[in-house]
């Protein structure tokens, strides 16, 4: 059961929780369990083709899964997954 | 240009820098002979402008074309209450010159565009990105990559901030982090989502620290690291940021030249944006108020959040936040006429769409929301 850190813009879809424990031995499985628990998250993480959206990055601990094995990246119970979407605020 | 020196006044002013070996006379002269372009004088740009001026950066370019308003004052500390209504660039200039008249400040009172970005940026050593929108962020990034100028990045939302250093000789750029922007509407802006006023102070000063370190050539920069700051948890985390393998050397392979960033980010051009169409389903606050006064039968629903309802509300309206509507729609009579309102009319339009799809036939949107209600019906209702 890995811990998934939920960023502020997506907490509206996780009953306001900032971290969720989800089961799975790969990133794909953990995110699958997460979106099964919170179906409204799915559309915000994946596009119509079922691929992670290009403005949402997923990290296992501090490493970007794009540079590991993407969805197939192995996840241990002690690992922390971070979902990090792009944010633009700053000037106004 | 002759090598810069420090006047006696400057030696005194910078004495706490000069007595540190990491800065010293050599470092202070590096700061004085350097130039930085600050894009935006808002939440991030406010502390950046003040501290970079105080630090003695020789030449600071400032890009902004906005005007100070009351909602800025909660976080944009470079502007004061007396500046409301003034161009931000003038107010920022006055504050920075007051802090340090030795600094040369160049005002660029324009919107940064694909047409002017390279011309403006080329005269500076590095760029600090204090913008608030995706098109300008991608524009700043691409222009910095093309010109080989480091881009010191910061971004904020509610209680969270991000910072990094992009577009150095061998480091990643913003497109390595996020190849493409989100479609409009999916990621809320600070104007929609709110922001803790102190947050841009923290993130802007992380950026200012990185600027000074890059100029001094000291320490470890955030190059290749994405710093995440969570003010609620009071935690800093960092994630590894790699250059996209598609760009092994030299510049980012995605960037061939500047493009149309409005189009890239899926936004209509301002001049092409169609005028809002008033449909039969729209109703003005004035009409709603007249119908309430006549005692017409209809249900007025406020789809804003509970904390917004606490700021101001229309007493006749029933509060059902947009997110709760799916599970609470059964409280409503499908045969009744329903009028939805929110702050400005966007969320209530979504609520109307949802209700129509759910089978409600007489659904109307109060145009302009409670802000327009304040203008047209009851000026005692505060705007936020």
Look at residue A:27 and say whether it is more than 14 Å from chain B (Cβ to nearest Cβ), touching a helix residue (DSSP H, G or I) at 6+ places or on another chain (Cβ under 9 Å), over 28 Å from residue B:43 (Cα atoms) and surrounded by 15 or more Cβ atoms within 10 Å (Cβ to Cβ).
yes
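If you go through the stretch B:102-110 one residue at a time, do you hit one that is touching a strand residue (DSSP E or B) at 6+ places or on another chain (Cβ under 9 Å), surrounded by 24 or more Cβ atoms within 10 Å (Cβ to Cβ) and away from chain A (no Cβ under 11 Å)? Let's see the steps before the verdict.
Step one: filter the stretch B:102-110 for residues touching a strand residue (DSSP E or B) at 6+ places or on another chain (Cβ under 9 Å), giving B:103-110.
Okay, now just the ones that are also surrounded by 24 or more Cβ atoms within 10 Å (Cβ to Cβ), so none.
Looking for residues that are touching a strand residue (DSSP E or B) at 6+ places or on another chain (Cβ under 9 Å), surrounded by 24 or more Cβ atoms within 10 Å (Cβ to Cβ) and away from chain A (no Cβ under 11 Å), one finds none in the stretch B:102-110, hence no.
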Tell me whether the stretch B:81-102 contains one or more residues that are touching a helix residue (DSSP H, G or I) at 6+ places or on another chain (Cβ under 9 Å), touching a residue at least 60 places away in the same chain (Cβ under 8 Å) and either in a strand (DSSP E or B) or at positive phi (or both).
no
In the stretch A:31-48, how many residues are over 20 Å from residue A:8 (Cβ atoms) and away from every other protein chain (no Cβ under 14 Å)?
3
From the list B:214, B:206, which one is touching a residue at least 12 places away in the same chain (Cβ under 8 Å) and within 20 Å of the chain's Cα centre (by Cα)?
B:206
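Yes or no, residue by residue, for (1) surrounded by 15 or more Cβ atoms within 10 Å (Cβ to Cβ); (2) over 30 Å from residue B:200 (Cβ atoms):
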position	(1), (2)
A:35	yes, yes
A:39	no, yes
A:48	no, yes
A:53	yes, no
A:62	no, no
A:70	yes, yes
A:85	yes, no
A:89	yes, no
Screening B:224, B:194, B:171 for residues that are within 12 Å of chain A (Cβ to nearest Cβ), surrounded by fewer than 21 Cβ atoms within 10 Å (Cβ to Cβ) and over 20 Å from the mean Cα position of the chain (by Cα) leaves only B:224
All but one of (1) modelled with pLDDT of 95 or more; (2) farther than 30 Å from residue A:79 by Cα; (3) more than 11 Å from every other protein chain (Cβ to nearest Cβ) hold for residue B:204, so report the exception by its number.
(3)
Here's a check for you: in the stretch A:54-77, which residue that is within 7 Å of chain B (Cβ to nearest Cβ) and assigned to a loop (DSSP other than H, G, I, E, B) is modelled with the lowest pLDDT?
A:54
Exclusive hit being part of a loop (DSSP other than H, G, I, E, B), within 26 Å of residue A:65 (Cα to Cα), modelled with pLDDT under 95 and more than 10 Å from chain A (Cβ to nearest Cβ), set B:179, B:188, B:184, B:245:
B:184
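Quick one: is residue B:71 out of contact with any helix residue (DSSP H, G or I) (no Cβ under 6 Å at 6 or more places or on another chain), within 13 Å of another protein chain (Cβ to nearest Cβ) and at negative phi?
So residue B:71 passes the test.
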Please go through (1) buried (at least 23 other Cβ atoms within 10 Å of the Cβ); (2) within 14 Å of residue B:201 (Cα to Cα) for residue B:53 and return the number of the only condition it doesn't satisfy.
(2)
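Could you list, in sequence order, all residues of the stretch B:138-165 that are touching a helix residue (DSSP H, G or I) at 6+ places or on another chain (Cβ under 9 Å) and away from chain A (no Cβ under 14 Å)? Step through it out loud before you land on a result.
From the stretch B:138-165, those touching a helix residue (DSSP H, G or I) at 6+ places or on another chain (Cβ under 9 Å) are B:138-147, B:149-165; that's our starting set.
Matches in the stretch B:138-165: B:142, B:143, B:144, B:145, B:146, B:147, B:149, B:150, B:165.
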Sole residue being surrounded by fewer than 21 Cβ atoms within 10 Å (Cβ to Cβ) and either within 21 Å of the chain's Cα centre (by Cα) or under 24 Å from residue B:52 (Cβ atoms) (or both), chosen from B:177, B:147:
B:147
As an exercise: evaluate residue B:123 against (1) outside any loop (DSSP other than H, G, I, E, B); (2) modelled with pLDDT of 90 or more; (3) touching a strand residue (DSSP E or B) at 6+ places or on another chain (Cβ under 9 Å) and give the number of the one condition it does not meet.
(1)
Based on what the data block shows, is residue A:5 more than 9 Å from every other protein chain (Cβ to nearest Cβ), surrounded by 15 or more Cβ atoms within 10 Å (Cβ to Cβ) and at negative phi?
no
For the stretch B:35-50 the number of residues that are surrounded by fewer than 24 Cβ atoms within 10 Å (Cβ to Cβ), part of a strand (DSSP E or B) and either touching a helix residue (DSSP H, G or I) at 6+ places or on another chain (Cβ under 9 Å) or at the interface with another protein chain (Cβ under 8 Å from one of its Cβ atoms) (or both) is 0
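The values are calculated or read from the model by the stated rules, or taken from the named source; none is laboratory data. Note that the structure is a prediction, hence the values are computed from the model and not measured. For neighbour counting, all protein chains shown are included, and Cβ atoms are generated from backbone atoms with ideal geometry for every residue, glycine included.
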